[in-house]
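The block underneath contains the structure these notes are about, expressed in C-alpha cells.
All of the numbers you see were taken from the coordinates with simple rules; none came from a lab. Please read all numbers here as calculations on a predicted model, not as lab measurements. All Cβ positions, even for glycine, are placed from backbone atoms using ideal geometry, and neighbour counts span all protein chains on display.
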Ligand SMILES: NC(=O)C1=CN([C@@H]2O[C@H](COP(=O)(O)OP(=O)(O)OC[C@H]3O[C@@H](n4cnc5c(N)ncnc54)[C@H](O)[C@@H]3O)[C@@H](O)[C@H]2O)C=CC1
Ligand SMILES: O=C(O)[C@@H]1CCC=N1
C-alpha cells in the first residue's frame, strides 16, 4: 500500500523523488523500491523518523506498536504521523506513543497506484487545519479524499479500503464467464474492467441514482433484465451487504484490541 501511495504521488508530479524517503525490512523490498521507484530507502526507522516532517506508518496493524516503540524518542512536536491501518485508532496511537503527537488516521486503497485512489482521513486535535490540508493535498494527488469523524473510520474499509478486492472478484467472475463463451482472456478482462470503470464514472460524473442508471440499461423484454433478475434471485445485494458488514465487524474488533 505504501508503494502504491508513493508511486501515485510521484506520478502526479506533486512530490519529487528526493522529497520522499522510506524504510522496509526485507532486502528484496529495499532493492525493488530503490531500483524501480528511485527513492532513498533503508532499514533505519529511527533515522527516518528523525528526518521526516510527515511520517506515514504503512506497516501491518500488529507491527505498529513495535515500530512506534522504536521511533517515538526521535519524533519532534512538529512531526505529523499518518496511519493507514484498520483498527489503529487515535486513542491506540496516543497509548503507543505515550504522549500527544500530531496524528492523522487514514484509510487509502490500492488504486492510488494509478491515480484513482479513494482515501478517508481523520486528524487528532493537535493537527492544525493547514497541516491537515497539506496531507489532504498529498492524498488528492493520487485520487479522491474525504475527511470524516473518527466514529465512522471502522466502516471505511468495507466501502473503499477493502472494496477494490470485492470488485476484482466481480470482474474476475465476469471475465471467467466470457472466457467460457469463447472470448480470449485479455479481451475478457478489458471488456469487464472497462465496463465497471465506466459504470463507476457514470455515477460520479452524472450524479444520477445508481438505480436509475441500471433501469436505463434494462430494455423492456430485453436481455439485461434477465441478468438483473438472476442477480437478485442469487442474492447479489445480500452477499454484498454480508461482505461489508463482515469487513466492518473485523475493523471494529481490531479497534478494540
Ligand atoms: N493492501 C491494501 O489494499 C491496503 C492496506 N492497508 C494497510 O496498509 C498496511 C500495509 O499493508 P500492505 O501494504 O498490504 O502490506 P505489505 O506487507 O505489502 O507491506 C508492509 C511493508 O512494511 C514493511 N515493514 C514490515 N515491518 C517493518 C518494520 N519493522 N519497519 C519498517 N518497515 C517494515 C515491509 O517491508 C513491507 O514493505 C496495513 O496496515 C494494511 O492494513 C490499508 C489500505 C489498503
Ligand atoms: O485487508 C486489510 O486488512 C487491509 C485494510 C484495507 C485493505 N486491506
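Against the globular-protein guess of 2.2 N^0.38 Å, express the Cα radius of gyration of segment 163-255 as a ratio, rounded to two decimals.
Values: Rg = 15.5 Å, N = 93, 2.2 N^0.38 = 12.3 Å.
That works out to 1.26 for segment 163-255.
Quickly estimate the mean residue ellipticity at 222 nm for the chain, helices only: each DSSP H run with n ≥ 4 gives -39500 (n - 2.57), and the total goes over all residues, rounded to 500.
Working: 11 runs with 131 residues, N = 257.
When only DSSP H runs of four or more count, the value is -16000 deg cm²/dmol.
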(request) Please report, in Å, the Rg and the Dmax of segment 1-141, where both are computed over Cα atoms only. (result) 14.2, 39
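Based on the Cα gyration tensor of segment 2-69, what are the three equivalent ellipsoid semi-axes, each the root of five times an eigenvalue, rounded to whole Å and given largest first? Numbers along the way, then the final one.
Numbers: eigenvalues 76, 38, 27 Å².
They are 20, 14, 12 Å, listed largest first.
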(request) Please sort 56-64, 31-39 by packing, taking for each peptide the average over its residues of neighbouring beta carbons within 10 angstrom, highest first. (result) 56-64, 31-39
(message) For a Förster distance of 22 Å, can you work out the FRET efficiency between the beta-carbons of residue 100 and residue 250, rounded to the nearest 0.05?
(response) 0.15
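Sort 143-149, 206-212, 120-126, 224-230 by packing, meaning the average of other beta carbons within 10 Å per residue, with the highest value first.
Details: 143-149: 15.0, 206-212: 9.6, 120-126: 18.3, 224-230: 12.1.
Going from most to least packed, we get 120-126, 143-149, 224-230, 206-212.
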(message) Between residue 78 and residue 169, what is 0.36 nm times their sequence separation minus the Cα-Cα distance? Round to one decimal in nm.
(response) 28.5 nm
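Based on DSSP, what percent of beta bridges with both residues in the chain are antiparallel, to the nearest 5? Write out the running numbers ahead of the final one.
Details: 4 of 20 bridges.
Looking only at bridges with both residues in the chain, the antiparallel portion is about 20 percent.
Compute for segment 84-179: radius of gyration divided by Kirkwood radius, i.e. Rg/Rh, restricted to C-alpha atoms, rounded to two decimals. Could you put the intermediate results ahead of the total?
Values: Rg = 15.9 Å, Rh = 14.6 Å.
Using Cα coordinates only, the ratio equals 1.09.
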(request) Whole Å is fine, so just give me how far the alpha carbon centre of segment 22-61 lies from that of segment 130-167. (result) 22 Å
(message) Could you tell me the extents of the chain's C-alpha atoms along the three principal axes, largest first, rounded to whole Å?
(response) 68, 40, 30
